[in-house]
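Colleague: This structure is in structure tokens; I'll ask about it shortly.
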Amino acid sequence: MNSQQQKASAAARYIKARTERPPRVGLLTGTGLGESARFVRQPTTIAYSDIPNFPVSTVQSHAGRLLVGNVGRCPVMVLQGRFHLYEGYSPLQVTFPIRVMQELGVEVLMLTNAAGGLNLEFTAGDVMLITDHINLTGTNPLVGPNEERWGVRFPDMSRAYDRHLADIARQAAESAGISLRSGVYAGLPGPSLETPAEVRFLKTIGADAVGFSTVLETIAAVHAGMRVLGLATITNINDPDNPTPATVEDIIAVAGRATPVLGKIIQTVVEQIK
């Protein structure tokens with residue numbers, strides 16, 4: 001057992017001692033999206049700062065707390081706030097919550113984020129089902145010695161985002177009258193937003209949305225054998241021919257308005273997980 005696994009195991013023991021049932025589903029929320037988990041019944045709330053070895057969120061709108069409760073009969077854990085490379089965290093720290101979930105026995109990971117739209121058919125406030133991603137962070141959470149207990153040395157990423165969960169999300173959106181987009185997410189290290197030339201490049205290589213999270217967490221989750229669902233809230237549209245400045249306040253505001261829509265989809269998916 002390496003030091004990283006020992007740290008994750010200690011954090012998992014702390015959480016387990018304060019909850020009644022081990023979670024089957026983990027939800028990690030992004031910028032402005034923490035309130036998308038209001039459907040969790042009678043949650044136990046734990047501050048990140050109280051969990052052994054857990055990083056602390058430093059980004060605006062990331063609450064930095066863990067909720068453990070139930071959605072229907074399914075036990076879930078919700079992380080309100082994530083960690084990013086641009087905060088100075090290493091790839092192992094960014095993905096530490098995924099390893100804690102793994103130690104707790106989580107089988108399904110749902111990732112949400114706020115993203116800039118590259119597909120000009122999108123509009124601000126849309127929710128995009130992530131069908132694939134492009135890792136442009138320049139790093140990978142699996143670099144270094146492989147922890148065999150956590151996963152294989154070379155995990156296959158050809159189906160990183162679970163197709164069955166994606167189908168459930170599409171059906172949930174359709175039933176609720178929600179127009180759910182789908183596309184490829186490009187992950188950058190941040191924190192500076194994209195130049196028009198970078199936007200053109202990202203569009204050329206097939207990206208529909210861009211952000212500063214999600215890809216490293218997905219890689220760790222696939223390595224852990226979890227099924228992954230990714231949902232990106234499109235907070236602004238990047239048109240390289242008509243660039244419009246974006247502020248974090250605007251991004252948070254748009255993400256917040258999309259929270260009820262995102263919550264409906266997530267709740268329905270959790271309720272249908274077998």
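Colleague: Helix 3-16 versus the longest principal axis of the chain: what angle, 0 to 90°, nearest 10, using Cα atoms?
Modeller: Rounded to the nearest ten degrees, it is 80.
Colleague: Would you mind calculating the gained length between residue 242 and residue 157 on full extension (0.36 nm times residue separation, minus the Cα-Cα distance), in nm to one decimal?
Modeller: That works out to 27.1 nm of additional length.
Colleague: Moving on to the next point. Kirkwood Rh, Cα Rg: Rg to Rh for the stretch 6-127?
Modeller: Value, to two decimals: 0.98.
Colleague: Treating the angle as unsigned and between 0 and 90°, give the value, to the nearest 10°, between the Cα long axis of helix 163-175 and the longest Cα principal axis of the chain.
Modeller: 60 degrees
Colleague: What is the stretch 3-272's relative contact order, in percent, from Cα pairs under 8 angstrom and six or more apart in sequence?
Modeller: Reported relative contact order: 26 percent.
Colleague: What's the center-to-center distance, using Cα atoms, between the stretch 145-165 and the stretch 56-107 in Å?
Modeller: 19 Å
Colleague: Still on this structure: Show the residues, 5+ positions off or on another chain, whose built amide H is closer than 5 Å to the amide H of residue 27.
Modeller: So residue 27 has HN proximity to 77, 78, 79, 110.
Colleague: In debye to the nearest 20, how big a dipole does the chain give about its Cα centre with +1 on each Lys and Arg Cβ and -1 on each Asp and Glu Cβ?
Modeller: Its charge dipole is roughly 1060 debye.
Colleague: Under the Kirkwood approximation applied to all pairs of distinct alpha-carbon atoms, what is the hydrodynamic radius of the stretch 197-274 in Å?
Modeller: The answer is 15.1 Å.
Colleague: Fully extended, how many nm does the chain gain between residue 41 and residue 175 (0.36 nm per residue separation, minus their Cα-Cα distance)?
Modeller: Between residue 41 and residue 175, full extension yields an extra 46.0 nm.
Colleague: In degrees, nearest 10, range 0 to 90: what is the angle between the Cα axis of helix 248-272 and the longest Cα principal axis of the chain?
Modeller: 60 degrees
Colleague: Sum -39500 (n - 2.57) across every DSSP H segment of at least 4 residues in the chain, then divide by the residue count to get the 222 nm mean residue ellipticity, nearest 500.
Modeller: Value at 222 nm, helices only: -9500 deg cm²/dmol.
Colleague: Still on this structure: Once the dipole of the chain is set up with Lys and Arg at +1 and Asp and Glu at -1 on Cβ about the Cα centre, which of 15, 94, 269 lies farthest towards its positive end?
Modeller: Among 15, 94, 269, the one farthest towards the positive end of the dipole of the chain is 15.
Colleague: Whole-Hz Karplus ³J(HN,Hα) for the stretch 108-117, in order, using 6.51 cos²θ - 1.76 cosθ + 1.60 and θ = phi - 60°, x for Gly and Pro?
Modeller: With the stated coefficients, the stretch 108-117 comes to 10, 10, 10, 10, 10, 8, 9, 9, x, x Hz.
Colleague: Quick check: from the Cα gyration tensor, does the stretch 146-199 come out rounded (a/c under 1.5), prolate or oblate?
Modeller: Oblate shape, in that a/c is at least 1.5 and b/c is the bigger or equal ratio.
Colleague: Arrange the following residues from fewest to most other Cβ atoms within 10 Å of their Cβ: 185, 161.
Modeller: Going from sparsest to densest Cβ surroundings: 161, 185.
Colleague: If you don't mind, another one. Using a Cα distance threshold of under 28 Å, what count of lysine pairs results for the chain when pairs must be 8 or more residues apart or interchain?
Modeller: Lysine pairs, 8 or more places apart or on different chains, close enough: 4.
Values in this text are rule-based calculations from the coordinates and carry no lab data. Given the structure is predicted, the values throughout are model-derived calculations rather than measurements. Neighbour counts run over all protein chains shown; Cβ positions are idealised from the backbone, glycine included.
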